[in-house]
Structures are given as C-alpha cells and as structure tokens.
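Have a look at the structure below, then the notes.
Values in this text are rule-based calculations from the coordinates and carry no lab data. Not measured: the values here are computed from a predicted model. FYI the Cβ positions are ideal-geometry reconstructions off the backbone, even for glycines, and counts take in every protein chain you see.
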Amino acid sequence: MRIGHGYDAHRFGSGDHVVLGGVAIPHDQGLIAHSDGDVLIHALCDALLGAAGLGDIGRHFPDTDPALEGIDSRILLRKVVDELQQRGFKPGNVDATVITQQPRLSGHIEAMQSCLAEDLGIEASLVNIKATTTEKMGFTGRGEGIAAHAVVMIHA
C-alpha cells in the first residue's frame, strides 16, 4: 500500500463554466489553463503519480506540449491510471477537497465522484470529495481562483 498527495490551483479568467472532477459547472468565469483547468483531476493525478514514485503531472503532461492544449483532464487521469496499472498498482480510495468561494459545489459532488470513480476503475463509494471556502481569505477567498488537494491510496 502506498499513499500520495496532490495539489493544484488555477486562476479565474473569461468563460461561462469551470470543469471540476470531469463535470462542467456553470459559472460566470472559467479557469485559465493549458488544459481544461480541472484542478481536482490535476491534484488527483499528482497524488496518484506521487504514490507510485513517478513524479508529477507536469513531467508527464507538460504545458508546453501543443498537443495537450485544451485537453479534457479525464483523458490525462485515464493515462495516469494506465501508467500505474503497467507498474502493478491499482487505485484504492480517494479523499479530495476543492477550495473555492464560488461556484457552490454541493449539487455537483455526486456527479464528480461518479466521473472520477469511472476513470479510476473503482466504486464511487471509494471517492470522497469535499468542498470548502476560506471564509474570504487568500486567493480563493478573494475569488481569484480555485484550488484542490487530493490524497490517494494505491496498492499492488
């Protein structure tokens, strides 16, 4: 059994939705990123890669690669899971926290859990997602962006 932690953050920019956990959530702004800006999946990829001792998402999917511009982060997650499986690892469980003042996420958590579980090849009950604010402190509290933390367990 191995454990990994991941973190990601992106700034808000123009747009009409954000993508979190593979789910498009209506919002008056989007996230600035080379990919679709899914901070939750990016943190999860980092946690999985870290647990397996395989570096981070930037090493595997650099933001300088034009082929990755605008890519759906679920594709990246599936590639990470494939890489782990090639090395004899399987995802165990996920515990993640998304940090944002807006948009409100409570109505989208179940859909995010379902998407992530599908891509990880595990039961949705093994994917826990929490959302929190920072009570208007820091960059997320000022509405400048969204951050996410993910902790995962993988096993052989």
Checking L31 against (1) surrounded by 21 or more Cβ atoms within 10 Å (Cβ to Cβ); (2) within 24 Å of A124 (Cβ to Cβ); (3) not polar (S, T, N, Q), only one condition comes out false. Which one? (2)
Where residues in region 102-114 are within 22 Å of I32 (Cβ to Cβ) and surrounded by 13 or more Cβ atoms within 10 Å (Cβ to Cβ), which of them is nearest to the chain's Cα centre (by Cα)? M112
Assuming A117 fulfils every condition listed in (1) surrounded by fewer than 17 Cβ atoms within 10 Å (Cβ to Cβ); (2) among the small types (G, A, S); (3) without any contact (Cβ under 8 Å) to a residue 24 or more places away in the chain; (4) touching an Asp or Glu at 6+ places or on another chain (Cβ under 7 Å) apart from one, which condition is it? (1)
Could you pull out the residue among Q101, Q29, Q113, Q86 that is over 21 Å from V151 (Cβ atoms) and touching a helix residue (DSSP H, G or I) at 6+ places or on another chain (Cβ under 8 Å)? Q101
Of all the helices (runs of 4 or more DSSP H) wholly in region 9-86, which have at least 1 residues that are free of Cβ contacts under 8 Å to residues at least 60 places away in the same chain and among the charged types (D, E, K, R)? 57-60, 73-86
